[in-house]
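*Asks:* Input: one structure, supplied below.
The values are calculated or read from the model by the stated rules, or taken from the named source; none is laboratory data. Everything numeric in this text was worked out from a predicted model, so none of it was measured. Cβ: placed from backbone, ideal geometry, glycine included. Neighbour counts: every protein chain shown. Note: accessible area is taken over every heavy atom of the protein model, side chains too, but ligands, DNA and RNA are not part of it. Shrake-Rupley method; radii C 1.70, N 1.55, O 1.52, S 1.80 Å.
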Amino acid sequence: MPGVLEGLRIIEHSAFVAAPSAGLTLAQLGAEVIRVDPIGGALDAGRWPLNADGVSLYWTSLNRGKRSVVLDLRRPEGRDLLARLILEGDDAGIYLTNLPAPVGLEYAELQSRREDVIVVRLTGNPDGSAAVDYTVNCATGLPWLTGPADMRAPVNHVLPAWDLLAGASLVNAVLAAERQRRLTGAGQEVRLALADVALGAIANLGLLAEAEHAVEPRRRSGNDLYGSFGRDFATSDGRRVMIVALTRRHWRALVELAGITEQVAKLEAMLDMDLSDEGNRYRATDQIAALIAPWCAHQSFAELSEKLEAAGILWGPYRTVRQLLDEDWRASPANPMFQHIEQPGVGQVLAARSALDFIGQERPPAAAAQPAGADTAAVLGEVLGLSGDELAMLASEGVIPT
């Protein structure tokens, strides 16, 4: 079934996480996304994790639902074909990239050939210099706030958060520029820096203002929830859960469920604190946790889970990714976002559709990632009208794969 972006064509020339994730999101919503890579594979073609046969599970996951074209971009003929894919056709004219512009594919060159062309380009830093998620994140200050309270070295987060946020911002850029083009007829170049995504996020969360105005720098707090009460607790069978009392209702429910009403009253009197205030709950995290930990430790994971769920308390289980697959219906076809697909070179995999649920419309099905270059002849024939003889000539010259 068609998606909400049916009829929109995007040419993606990218590598790694941010731009490919943007193309994936657009494809999941029904856009025709054509990823163009160089002969021999892109920079991320073999990135880990790999399956037992050496196929990149990373690449195949980020490029599902896209059409794959391979061109020799070192040659002018290959670059011209890429330019034509970007420029030709009423539903075309959108170029998404996070790679240096090949000769002839700078915005000015493309715009001289099609006035309403849209180029959305991700750079590392706002001056155009290179950066990746790990080199951006280390400079934000967050690794000095991540990890155990007694840690004396920075701790990186395993989630490429800035890449994923940048990918979402690139989607916004494509859709906003395309809407403006429909309204005004004008194309444009939109640039986004990965570092600006990160810096904007920490500014919007108040971290820069805190650094400017705080009397003391914020300290690490391990797994605790900053500014309210939240901590991880062990169960009798060795599992761990995160319990959060964010609001007054959650706090009352947790105190009642754990049977610590009298102890909390005594603690409030001793500390001269009203623990219904979330800031005070954060200040007293250690003392509150000392009351809750024994209660959790005397129950199995299943028992504790059932009680927390029934009481409407915010909580979550700590799991491995394998346990997530085994235990959580949300990571299975029982959740309409997921379905099993056959991925060439890998086999059956659980694949996500768009997380957006347009009520009254069924999500487009998840699609596999095509092997690199699998759609080259079909796309050049359909989009550019190249004949079989022309395609054969390009293949014989090494501009496209045979």
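*Asks:* So how much slack lies between Asp357 and Ala130, counting 0.36 nm per residue of separation and subtracting their Cα-Cα distance, in nm?
*Replies:* The Asp357-Ala130 span can extend by a further 78.2 nm.
*Asks:* For the chain, with equal point scatterers placed on the C-alpha atoms only and solvent neglected, what are the log10 I(q)/I(0) values from the Debye formula at q = 0.08, 0.09 1/Å, to two decimals?
*Replies:* Computed log10 I(q)/I(0) values: -0.57, -0.70.
*Asks:* Could you give P(r) for the stretch 208-353, binned at 5 Å from zero, as whole percent values over all Cα-Cα pairs?
*Replies:* 2, 8, 15, 17, 15, 12, 10, 9, 6, 4, 2, 1, 0
*Asks:* For the stretch 32-150, what's the radius of gyration and Dmax over Cα atoms, in angstrom?
*Replies:* 18.0, 60
*Asks:* Could you work out how much longer the chain between Met270 and Asp116 gets when fully extended? Use 0.36 nm per residue separation minus the Cα distance between them, nm to one decimal.
*Replies:* 48.6 nm
*Asks:* Still on this structure, please answer the following. Name the long-range amide H neighbours of Ile94: under 5 Å, sequence gap of 5 or more, or other chain; modelled H, no Pro or chain starts.
*Replies:* Here Ile11, Ile118 satisfy the definition.
*Asks:* Right, another one. Enumerate the helices in the chain for which the Kyte-Doolittle hydropathy averages 0.0 or more and the C-alpha atoms extend at least 20 Å along the helix's axis, using complete DSSP H runs.
*Replies:* Length and hydropathy pass: 161-184.
*Asks:* Follow-up question, since we're still on this one. Using the Cα atoms of the stretch 256-335, I'd like the radius of gyration and the largest Cα-Cα distance, Dmax, both in angstrom.
*Replies:* 16.2, 51
*Asks:* Here is a further query. With label points built 7 Å along Cα→Cβ from the Cα atoms of Arg319 and Thr261, find their separation and express it in nm.
*Replies:* 3.4
*Asks:* Given C-alpha coordinates of the stretch 328-379, what is the ratio Rg to Rh with the Kirkwood estimate of Rh?
*Replies:* Answer for the stretch 328-379: 1.07.
*Asks:* Considering only protein heavy atoms and a 1.4 Å probe, what is the carbon-and-sulfur percentage of the accessible area of the chain?
*Replies:* 56
*Asks:* Could you state the accessible area per residue of the chain in Å², with a 1.4 Å probe and every protein chain left in place?
*Replies:* Details: 20660 Å² over 402 residues.
The answer is 51 Å² per residue.
*Asks:* Go ahead and estimate [θ] at 222 nm for the chain from helices alone: -39,500 (n - 2.57) per DSSP H run with n ≥ 4, summed, over the residue count, rounded to 500. Please list the in-between numbers first.
*Replies:* Values: 16 runs with 160 residues, N = 402.
Counting only the DSSP helices, I get -11500 deg cm²/dmol.
*Asks:* Something else now. Quick check for me: using +1 on Lys/Arg Cβ and -1 on Asp/Glu Cβ, what's the dipole size of the chain about its Cα centre, in debye to the nearest 20?
*Replies:* Its charge dipole is roughly 500 debye.
*Asks:* Taking 0.36 nm per intervening residue step and subtracting the Cα-Cα distance, what contour gain separates Lys307 from Leu57 on full extension?
*Replies:* Between Lys307 and Leu57, full extension yields 86.2 nm more.
*Asks:* Follow-up. If you take the beta carbon distance between Ala161 and Ser396 as r and set R0 to 51 Å, what does 1/(1 + (r/R0)^6) give as a FRET efficiency, to the nearest 0.05?
*Replies:* E between Ala161 and Ser396, to the nearest 0.05, is 0.65.
*Asks:* What per residue convex hull volume, in Å³, do the alpha-carbon atoms of the stretch 310-402 yield?
*Replies:* Cα convex hull per residue, to the nearest whole number: 177 Å³.
*Asks:* If Lys and Arg each add +1 and Asp and Glu each add -1, what is the summed charge of the other residues whose beta carbon sits under 13 Å from the beta carbon of Gly41? Write down the numbers at each step before the final one.
*Replies:* Values: positive: Arg35, Arg47; negative: Asp37, Asp44, Asp72.
That sum, taken over residues with Cβ under 13 Å, equals -1.
*Asks:* Between Gln339 and Asp277, what's the calculated FRET efficiency when r is the beta-carbon distance and R0 is 35 Å? Round to 0.05. Don't skip to the answer; put the middle values down first.
*Replies:* Values: r = 46 Å, r/R0 = 1.30.
It comes out at approximately 0.15.
*Asks:* How do the peptides 4-12, 117-125, 239-247, 27-35 rank, highest first, by the average count of neighbouring beta carbon atoms within 10 Å per residue?
*Replies:* Going by the mean number of other Cβ atoms within 10 Å, highest first, we get 27-35, 117-125, 4-12, 239-247.
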